[in-house]
Amino acid sequence: MKSVERVLKGDRLALARLLTQIENEDASGLEALSALYPHTGHAHRIGITGAPGTGKSSLVNRLALHLRQNGWSEQAEPEAETVAIVAVDPSSPFSGGAFLGDRIRMRDLYGDPGIFIRSMASRGALGGLARATVDMVEVLDAAGFAAILIETVGAGQAEVDIARMAHTVVVVDAPGLGDDVQAIKAGILEIADILVVNKADLPGAENTLRALQLVLELANTAQRTKPDAAARDVAPQPAWVPPVLPTVAIQGDGIVELAQAIHDHREHLDLSGEYAARERARVRTEMEELLRQQLLEGFLMHQPEGAFEAALELVLTKKKAPRQAVREMIEGKKR
Ligand SMILES: Nc1nc2c(ncn2[C@@H]2O[C@H](COP(=O)(O)OP(=O)(O)O)[C@@H](O)[C@H]2O)c(=O)[nH]1
Ligand SMILES: [Mg+2]
């Protein structure tokens, strides 16, 4: 049987193998991804980001267990969800201490066929890491996982890229990381749908909570109006205001509330029409990036040997401006 069919039938070994192929940008893996794509679009993708040591892995562990046992919200008859976890940590090599720690903490999750865990370690380029993660999440979506938890270290562009592919972004902070607000970078705060102050058992947690609430209030009065809902044929929805939730991941406190908030956010996305808008924006960006990348590769392939390097040299020696050099390359002018 082809790997695509096996993945769709729930074969975990085939899934793991396919993810490795995709991580390595193997051609047959990318072909399988195209075949799987029509089966995607059902998973709720949740990005979990924040500074190292805030407790993201511990939270993801707890959240996954909770979703397996109780589903999204507390009901008389809980509906268990299947969960895939993608842990992206460019700073730690695969065999590094952090990963080993994750592995030990994740032991509760192993052996449950409704949970699938994948760790991604450092790769050459951060862009490549984001690219591979996007593709792997598509495969996990097609494989039928209801929830995909993507843990990324909150540092710079890569995690913003990865957060962009999530439907719900949870930003995790914790007391004791120095200046309370400084710990969360402005750019990261902007992408947060839910804010978590983990380690609420530690002194200073109250201050962190208060500081975040204050920053959010300021941000909310400044903007947070969603004009696109009015333009579309949907019932007007109040804008989503990110809740600030205290948790103690090591004890499981606040996990029910976190699951509920994620569920509420998803509902908000659906009712406001924002889900469709986010999907459109996300896919547009992805297609534009692929187009750019492939046009560039195709163009350079048809250039005479060393043409780009020669043009680069002319720019470096200030004989030509970058824009001019590029235009001449495209027009095929002799230099
Ligand atoms: N006191 C306390 N420690 C926690 C809590 N959650 C996680 N930790 C500890 O914080 C450390 C880092 O946790 P980890 O989940 O690896 O953080 P990550 O780097 O964000 O993934 C570990 O030693 C955890 O046991 C919490 O709620 N309270
Ligand atoms: Mg971690």
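The values are calculated or read from the model by the stated rules, or taken from the named source; none is laboratory data. All of these numbers come straight from a predicted model, not from anything done at the bench. As a convention, Cβ positions derive from the backbone with ideal geometry for all residues, glycine included, and neighbour counts pool all protein chains shown. The accessibility values were calculated without ligands, DNA or RNA, using every heavy atom of the protein model including side chains. Shrake-Rupley method; radii C 1.70, N 1.55, O 1.52, S 1.80 Å.
What to note about this one:
- Segment 65-92, residues that are within 15 Å of ligand 1 (Cβ to nearest atom) and either at pLDDT below 70 or of a type outside the set (D, E, K, R) (or both): LEU65, HIS66, ILE85, VAL86, ALA87, VAL88, PRO90, SER91, SER92
- Test: residue in segment 95-108 that is at pLDDT 95 or above and of a type in the set (Phe, Trp, Tyr): no
- Of all the listed residues (ARG292, ARG278, ARG284), the sole one being among the basic types (Lys, Arg), touching a residue at least 60 places away in the same chain (Cβ under 8 Å) and on the phi < 0 side of the Ramachandran plot is ARG278.
- Filtered residues of segment 256-298 (kept if more than 20 Å from the chain's Cα centre (by Cα) and under 20 Å from THR168 (Cβ atoms)): VAL256, GLU257, LEU271, SER272, GLY273
- Residues of segment 268-298 that are open to solvent by 80 Å² or more (accessible area, probe 1.4 Å) and among the aliphatic types (A, V, I, L, M): LEU271, MET287, LEU291, LEU295, LEU296.
- Leading residue by the ranking (most open to solvent (accessible area, probe 1.4 Å)) among those in segment 17-28 that are in a helix (DSSP H, G or I) and without any contact (Cβ under 8 Å) to a residue 60 or more places away in the chain: ARG17
- Applying the condition of being away from ligand 1 (no atom under 12 Å from the Cβ), more than 14 Å from VAL137 (Cβ to Cβ) and open to solvent by 30 Å² or more (accessible area, probe 1.4 Å) to segment 151-169 and asking which residue is modelled with the highest pLDDT yields VAL160.
- Selection within segment 31-54 - in contact with a helix residue (DSSP H, G or I) (Cβ under 7 Å, 6 or more places away or on another chain), open to solvent by 50 Å² or more (accessible area, probe 1.4 Å) and at pLDDT below 95: HIS42
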